[in-house]
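Take a look at the structure set out below.
The values are calculated or read from the model by the stated rules, or taken from the named source; none is laboratory data. Note that the structure is predicted; figures quoted are calculated from it, not measured. A quick note on method: Cβ atoms are made from the backbone with ideal geometry, for glycine too, and the neighbour counts reach across all protein chains shown.
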Amino acid sequence: MDEAQRDLTVRDWLPRTAALLLGTLALATAFIAAYVGALHQPRPHDVPVGVVLGDQRAQAVLAAVRQRTDKIEPIEYDDPAAAEDGLIGREVYAVLTSGPDNGLRLATASASAPAATDLVIQVLGQAARQANLPIQVTDEVPVQSTDPRGLVPFYLAIGYVLGGYLASTALGLRVGTAPVTLPRAGLRIGALAVYSAVLGIVGATVVGPVLDVWHHDIPAVAAVGALAVFAAAMVAAAVQAWLGLLGTGLVILLLVVLGNPGSGGIYAPEFLPAWLRGMHLWNVPGLTTDLIKSAVYFDRSSMGWTLTGLTLWALLGLLGLVTATIFRAHRRAARARPVAPTADD
């Protein structure tokens, strides 16, 4: 290779390397900002607690608490049955009602988020003492003793999501980010579907029989895991098919840099900064974490939106991959089409 060729190679290599390193630097900076910004000083705000309309004693205590702090937000229900459904359906972390001996009864669901229920117990316990009211606390949906901080659903969800987008990325590096034909796209989707089912079963087995964290609902956890892996894989495949290497960075930004702290898995959503508080309702890690909690601890009716949301992500990703394949196939065909000769020729 002569000197001119070496100079050309260096000029070609430097911009690509610089762009790759700058992109990585931006992702790392965003990672630090998102994690430290979201998790360094959790401040609870509007933690929902249910109360029944007409229960004057409980309503008065919650109204007094609300006047002093914005940590608790009363959620009113028409009757006790509706309030109980709200607790089991994960609309609230606790329900405050009038109890025996002219006191109060606080029913919690620590499986939703132990830190949130601990806060509710602390704040309302103090309010009851100030009002000279006895308070009885019960945990209607307790977190598993082998997971006292309630973090296993989050870490399992992260493993599922990580496995999904890594599998898609590995396939993209091996055979190209965009399938060249629709049959090839079908093969990729089928391979990722099988992989998702296997990883779903493996993850449920690890947290169940292997590590002995949960002793029940293993098939439900496996099914949730398979859906989560497939949704993450399809989102990654679609974005990478349209954007190539840049798409990999965007997937990491959405699923990891913003997805993990915004999932509500480490701290309940009400403990996060305002710009992250609602993210768990639509991002893949947050939906997966909530769906695993529903599968293990709560009534199936609490799965509603989380199941729908993950399914939509999977379908949108699949549609994105297919449309990218069709688009790129048309572009290749257009470039390969011979140009018709003109009259001058």
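Structure notes:
- Contacts under 7 angstrom Cβ, first residue in the range 313-331 being more than 16 Å from Thr288 (Cβ to Cβ) and at pLDDT below 90, partner among the small types (Gly, Ala, Ser) and not in a helix (DSSP H, G or I), 6 or more apart: Arg328/Ala178
- When restricted to residues that are out of contact with any Ser or Thr (no Cβ under 8 Å at 6 or more places or on another chain), outside any strand (DSSP E or B) and not acidic (Asp, Glu), the range 131-151 contains 10.
Yes/no matrix, rows are residues, columns are (1) outside any loop (DSSP other than H, G, I, E, B); (2) touching a residue at least 24 places away in the same chain (Cβ under 8 Å); (3) under 17 Å from Gly264 (Cβ atoms); (4) not assigned by TED's automatic domain parsing to the domain that holds Thr325:
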| site | (1), (2), (3), (4) |
| --- | --- |
| Leu156 | yes, yes, yes, no |
| Val161 | yes, yes, yes, no |
| Thr169 | yes, yes, no, no |
| Val180 | no, yes, no, no |
| Gly186 | yes, no, no, no |
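- Out of Leu14, Leu25, sole residue that is modelled with pLDDT under 85, surrounded by fewer than 17 Cβ atoms within 10 Å (Cβ to Cβ), over 18 Å from Ala127 (Cβ atoms) and not assigned by TED's automatic domain parsing to the domain that holds Gln130: Leu14
- Residue within the range 39-55 that is touching a residue at least 60 places away in the same chain (Cβ under 8 Å), in a helix (DSSP H, G or I) and not hydroxyl-bearing (Ser, Thr, Tyr) present: yes
- Annotation note: of Ile252, Ile292, the sole residue that is modelled with pLDDT under 90, assigned to a helix (DSSP H, G or I) and in contact with a helix residue (DSSP H, G or I) (Cβ under 7 Å, 6 or more places away or on another chain) is Ile252.
- Residue satisfying all of: in the range 67-111; more than 17 Å from Thr138 (Cβ to Cβ) and more than 30 Å from the chain's Cα centre (by Cα); modelled with the lowest pLDDT among these: Asn102
- Ala241 modelled with pLDDT under 95, crowded, with 23+ Cβ neighbours inside 10 Å, over 19 Å from the mean Cα position of the chain (by Cα) and small (Gly, Ala, Ser): yes
- Listed by first and then second residue, the pairs with beta-carbon distance under 7 Å, at least 6 apart or on different chains, first residue in the range 66-88 and closer than 15 Å to Ala107 by Cα, second polar (S, T, N, Q) and at pLDDT 95 or above, are Pro80/Thr97.
- Test: residue in the range 236-250 that is closer than 30 Å to Asp85 by Cα and touching a residue at least 60 places away in the same chain (Cβ under 8 Å): no
- Complete set of residues in the range 41-56 that are crowded, with 17+ Cβ neighbours inside 10 Å and more than 22 Å from Val141 (Cβ to Cβ): His45
- Test: residue in the range 87-110 that is farther than 30 Å from Thr205 by Cα, surrounded by 14 or more Cβ atoms within 10 Å (Cβ to Cβ), touching an Asp or Glu at 6+ places or on another chain (Cβ under 6 Å) and of a type in the set (A, V, I, L, M, F, W, C): yes
- Number of residues in the range 214-225 that are surrounded by fewer than 24 Cβ atoms within 10 Å (Cβ to Cβ) and closer than 22 Å to Arg188 by Cα equals 2.
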